[in-house]
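Report on the structure given below.
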Amino acid sequence: YYYGPMFYITRPQDFPDGEIPPPASIYSKKQVYAIIDEKMDKRGFNHEAFSPPVYYAAAGLWFNFGKRLGIEGQGLLYWARFLNIPVIALLTLAAYLMARRFFPESAYMKIGLPLVAAFLPQDTFYSITNDVFSPLLLSLAFYLLLKIYFGHTERYRDYFFAGLLTAATFLVKYSNIAVAAVFAAILLWKSVKLHEKGALKAFSPRILLAASAAFLPVALWLGRNYFVLGDLTGSATKIQFLTWTIKPLGEIFHHPIFTITGLATFWHDLMLTFWGGEITWHLKRLSSAKAEIFYSVSSVVFLGAAAVRTYRLKEDENAERFINLTCFLIVLLSVGFLAFVSVIFDFGSCYYPSKAYPFMTSGRLISGMLIPFFILYLNGLKAFLSAGKRPLNPLPVFIIVMLAVVFIDLMVSLEVFSNPYNWFKFIEKPSSRIHKRNLFFNA
């Protein structure tokens, strides 16, 4: 609250003078501490306190490291956000390694996947949130699982880290449940293949090691929640705070998602937030109507084209078929999880989702599927452009798409850049009300 400007979550007309107050940080801390204490007293607790631990443990270590470097105040807040920088750099590297390993002859994939990781305008990557770990950890777990399935590795450590990364992905966000299903499916398929070759006994220690590395951390965390909180996931307090309740069975199928209009609304809004995020400015989403249509329509078209291509693959292309099928499994389970949450709960007096808008369409919650989703998207775009009499090279087309997406994101953000409390604006017209030491961090 102290360092956060209100321009994102309020509108000028909400204030008596028609002007949003400046960030509290331009005043003394004593002037706002009473307000902060009052707000925290009303809330009574932090409803995120019982969330899965992986991100918060890592962010806490990073935060303390910043303190040791002598960073303090709002500098620490930005230091916490700067943890995203190495995470996204590693995600870009993971995307390249994924493409190089499993699409070795495709320059299109080796450029396209890292391009998505580096330039997708998903604002989760620029926020302080546990969702930022999901794409990286799920991609690394998926990479190792595919290596195991295709027999690219027999090392115990790869089996161990495949299991550990699966557990870590789930313990970042429960909405990453798809990774657990894919982990179980790939180990099962691998075991069947080994059994057919008579090699299951030799590999069973490795498979047991992977299963143990995945199961034990999750079991320990869920067990801790049950004995300390009386709730396996630790979500009961948050659900109560949000005023959500489980619907009676008879009301579940009355949900609008079971209509064509409702399903279209769910998909359209989900793809908007999956591609671009949820940050608002004056309570208005930072997006372009044309970009929104492109996100939802192109995702349907190209994932559909990828499904057709997968079905038509020849017997000697079984490796690509398997990768596509597992990617589809991740995407379907991820989207299905949000659909399930949408229909199973009555959202009470919650602002979002609500009784008027009973859709959970926060793409950040399933951002873990980013690399699998775009493997399918890129495959679908290639299939789509190859369908005509004159096939087009998909790489320059996709580069143009990403350039357009980034350009549109910059255009819709111009109002944010021009705000007088933006750092760049400070450089042009420094305010006498703001201490020089705050110049860099008040963005």
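The values are calculated or read from the model by the stated rules, or taken from the named source; none is laboratory data. Not measured: the values here are computed from a predicted model. Ideal geometry is used to build each Cβ from the backbone, glycine not excepted, and the neighbour counts take in all protein chains shown. Remember, those area values only see protein heavy atoms, side chains included, never the ligands or the DNA or RNA. Shrake-Rupley method; radii C 1.70, N 1.55, O 1.52, S 1.80 Å.
Once you have the Cα-Cα distance between residue 284 and residue 352, take 0.36 nm times their residue separation minus that, and quote the gain in nm to one decimal.
That works out to 23.0 nm of additional length.
If the label point is 7 Å along Cα→Cβ of residue 57, which residues in the range 134-149 have backbone nitrogen under 20 Å from it?
134-142
Which is farthest toward the positive dipole end of the chain among 53, 242, 356, measuring Cα position about the Cα centre, with Cβ charges +1 (Lys, Arg) and -1 (Asp, Glu)?
Highest projection toward the positive end goes to 53.
Among residues other than residue 408 whose Cβ falls under 11 Å from its Cβ, what is the net charge (Lys/Arg +1, Asp/Glu -1)?
-1
Take peptides 234-243, 256-265 and line them up by average Cβ neighbours within 10 Å, highest first, as a rough protection proxy.
Descending packing order for the listed peptides: 234-243, 256-265.
How large is the accessible surface per residue of the range 104-193, computed with a 1.4 Å probe and reported in Å² as a whole number?
Ligands and nucleic acids excluded, the figure is 34 Å² per residue.
With n ≥ 4 as the cut-off for DSSP H runs, can you work out [θ] at 222 nm for the chain, using -39500 (n - 2.57) per run divided by the number of residues, rounded to the nearest 500?
-20500 deg cm²/dmol
Rank 80, 164, 151 by how far each Cα sits towards the positive end of the charge dipole of the range 78-211 (+1 on Lys, Arg Cβ; -1 on Asp, Glu Cβ) and give me just the farthest.
151
Considering the chain as a Gaussian network with a 10 Å cut-off on Cα pairs, which listed residue, 360, 109, 411, attains the greatest mean-square fluctuation?
411
May I ask for the net charge around residue 398, where only other residues with Cβ less than 15 Å from the Cβ of residue 398 are counted and Lys, Arg are +1 while Asp, Glu are -1?
The answer is +2.
Each residue of the range 388-397 in order: what ³J(HN,Hα) in whole Hz does its phi give by Karplus 6.51 cos²θ - 1.76 cosθ + 1.60, θ = phi - 60°, with x for Gly and Pro?
x, 5, 10, x, 9, 5, x, 5, x, 5
Say a paramagnetic label sat at a point 7 Å from the Cα of residue 196, along Cα to Cβ; which residues of the range 132-163 have their backbone N under 20 Å from it?
From the range 132-163, the list is 145-154.
Counting Lys and Arg as +1 and Asp and Glu as -1, each charge on the Cβ, what is the dipole of the range 177-300 about the Cα centre in debye, to the nearest 20?
About 480 debye.
I need the shape label for the range 292-431. Rule: rounded when a/c is under 1.5, else prolate if a/b > b/c, else oblate, with a, b, c from the alpha carbon gyration tensor.
Note, shape of the range 292-431 comes out oblate.
To the nearest 20 debye, what charge dipole does the chain have about its Cα centre, counting +1 at the Cβ of each Lys and Arg and -1 at the Cβ of each Asp and Glu?
The dipole of the chain has a size of about 920 debye.
How large is the dipole of the range 76-218 about the Cα centre if only Lys and Arg carry +1 and Asp and Glu carry -1, each at its Cβ, rounded to the nearest 20 debye?
420
What residues of the range 280-315 lie in the reach of a label at residue 10, counting those whose backbone N is under 17 Å from a point 7 Å from the Cα along Cα→Cβ?
280-284
Please give the peptides 270-281, 86-97 ranked by average Cβ packing (other Cβ atoms within 10 Å per residue), highest first, as a rough proxy for protection.
Order by mean packing, descending: 270-281, 86-97.
What's the carbon and sulfur percent of the range 290-406's accessible surface, probe 1.4 angstrom, rounded to a whole number?
After summing per-atom areas, the C and S share lands at 69 percent.
Measure up 290/382; 190/238; 67/173; 290/314 against 32 Å on the Cα-Cα distance and list the ones that go over.
Correct reply: 190/238; 290/314.
Go ahead and run the numbers for FRET between residue 249 and residue 184, Cβ-Cβ distance against an R0 of 30 Å, rounding to 0.05.
0.60
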